[in-house]
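Worksheet: one structure, shown below.
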Amino acid sequence: MLIITAPGQGAQTPGFLAPWLELPGVTERLGIWSELAHCDLIKAGTTASADEITDTAVAQPLLVAAGLIAAAALDDGDPSKLPADAAAGHSVGELTAGVIAGVLTAEDAMRLVGVRGAAMAAATRAEPTGMTAVLGGDEQIVLAAIEKHGLTPANVNGAGQIVAAGTVAELAAFAADPPPGARLRSLRVAGAFHTRHMAPAVDSLRDAAATIQPQDPVTTLLSNADGAALTTGKEWLERIIGQLAAPVRWDECMRTMAGMGVTAIIELPPAGTLTALAKRALGPGIELLAVKTPDQINAARDLIEAHLADPDASHGHLPEWRLVVAPTSGMFRHAARPDSTDLGTIVARGGERAVTAPWPAEIIEWLAEDGDPVSEGQPLVRVQPGESA
């Protein structure tokens, strides 16, 4: 069971794309994509400084372009034909995964990422914001400390890593009062991504996406929202739009991978972040390859050949399941008689908020018990959508 992954913003380093320009046709392809994304990708990936590629409007197109260049190299030219049993991307890496799964063309992905990066960069200029990685500590205590300081757990990455995001003042207060047993590390990003601070960018991306005709995935495609395996391109596109202002649940993506029986993971460049998380969270029995240079193309092809579940089939889909998450923080109370949509309430200082499934669904597993304290965005229940979902 082979899964292709694509990293998100923060993984880029100066000059990492340079070796890939030595492959035939890459310079020409990057030239076309630069026009679509309104970004000089060749300069960004070769001679630009660390500060220049921290700019969100540059970093995001660069990351997607790098992943697609490598995916194309692994399959002799077409990133949408790269064999895989599933694809998943972290944050902006979801656009790369969408191309691999056949939902978008590479050209559509580059148009969208150009808009996405520019819109999110504009949103960061409204007020000084940032992100801090929280490493270690008890997860519930860490989440409570993040909430205490008015921050958002923007990335719940698993393997003992949560990224807190918010204003610079909130992050400074958090750094002065860290959760016990945790280490804090400021990230080189331009703003508080995947929080309410990115709300202005959502409309811009939605307008750009209105010109796209997504196809249904031909490879299992995992969602950052809750780790669900999606079966329609329309839902995937709507989810990645809303994801700009909502937390990334990479921990749930890895939980889905484990449930699929993953045996190998390939991370596209600039690789290393996601394979490191998988090594800690999924254990030693999984083969991992962080593809950083073209010298690793043959190793990646060998891994694909050895671990692809069904090389002769058009890749099928997992049974679709979803997570319902807490709409706010407070105490979760199960409904007295949970039905297909009414699941319970969150009791908070400001009153009660209903917890509902937006479609008829069957409860598979409670992830929060009656009376548990929960944080906004925390998964509460795993459900199986009904026929009308």
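The values are calculated or read from the model by the stated rules, or taken from the named source; none is laboratory data. Keep in mind the model is a prediction, meaning the values are calculated, not measured. Note that we place each Cβ from the backbone using ideal geometry, even for glycine, and neighbour counts take in every protein chain shown. SASA here: full protein model, heavy atoms, side chains in, ligands and nucleic acids out. Shrake-Rupley method; radii C 1.70, N 1.55, O 1.52, S 1.80 Å.
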### Query
Excluding ligands and nucleic acids, what accessible area in Å² is computed for Met260 using a 1.4 Å probe, to the nearest 10?
30
#### Entry: Cα-projected label distance for Glu22 with Ala50, points at 7 Å along beta-carbon direction, nm
2.5
### Query
Candidates (1) 132; (2) 157; (3) 140; which is the computed volume of the Cα convex hull per residue in Å³?
(1)
### Task
May I ask for the Rg/Rh ratio of region 1-40, computed from Cα atoms with Rh as the Kirkwood radius, given to two decimals?
1.04
#### Entry: Simple spin-label estimate for Glu238 and Glu107 in nanometres, 7 Å along Cα-Cβ
2.8
### Query
Among all the lysines, which ones have a C-alpha under 20 Å from Lys43's C-alpha, if same-chain residues fewer than 8 places away are not counted?
Lys292
### Message
Between 0 and 90 degrees, rounded to the nearest ten: what's the tilt of helix 250-260 against the longest Cα principal axis of the chain?
### Response
80
### Message
Ignoring solvent entirely, what values of log10 I(q)/I(0) come out of the Debye formula for region 193-323 at 0.18 Å⁻¹ when each Cα is a single scatterer?
### Response
-1.18
### Task
May I ask you to compute the full-extension gain from Thr231 to Lys81, defined as 0.36 nm times their residue separation minus their alpha-carbon distance, rounded to one decimal in nm?
52.2 nm
### Query
For the chain, what is the charge dipole size about the Cα centre, in debye to the nearest 20, if Lys and Arg each add +1 at the Cβ and Asp and Glu each add -1 at the Cβ?
880
### Query
If you take the charge dipole of the chain about its Cα centre, with +1 on Lys and Arg Cβ and -1 on Asp and Glu Cβ, which of Ala175, Val291, Val325 is farthest toward its positive end?
Ala175
### Message
Can you give the FRET efficiency to the nearest 0.05 for Arg185 and Ala336, using r as the Cβ-Cβ distance and R₀ = 41 Å?
### Response
0.40
### Task
Enter the Cα centre distance for the pair region 80-135 and region 22-66, rounded to the nearest angstrom.
14
### Query
So what does Glu52 come to for accessible area, using a 1.4 Å probe and Å² rounded to 10?
80
### Task
With 10 Å bins from zero, work out the P(r) of region 135-247 over every alpha carbon pair and list the percent per bin.
13, 37, 29, 17, 4
### Task
Can you tell me the FRET efficiency between His38 and Gln384 if r is taken as the Cβ-Cβ distance and R0 is 41 Å, rounded to the nearest 0.05?
0.45
### Message
Could you compute how much accessible surface Lys279 exposes when probed at 1.4 Å, giving the result in Å² to the nearest 10?
### Response
140
### Query
What distance in nm separates the simple spin-label points at Arg349 and Lys148, each placed 7 Å from Cα in the Cβ direction?
1.4
### Summary
Note on region 105-144: alpha-carbon gyration tensor, axes a ≥ b ≥ c; rule is a/c under 1.5 for rounded, else prolate if a/b larger than b/c, else oblate; result oblate
### Query
For region 114-270, what % of the accessible area comes from carbon and sulfur atoms, probe 1.4 Å?
55
## Note on the structure
Expected unfolding gain across Lys279-Asp207 under the 0.36 nm per residue rule, minus the alpha-carbon gap, is 22.1 nm
### Message
So with the 1.4 Å probe, I'd like the accessible area per residue for the chain, rounded to whole Å².
### Response
41
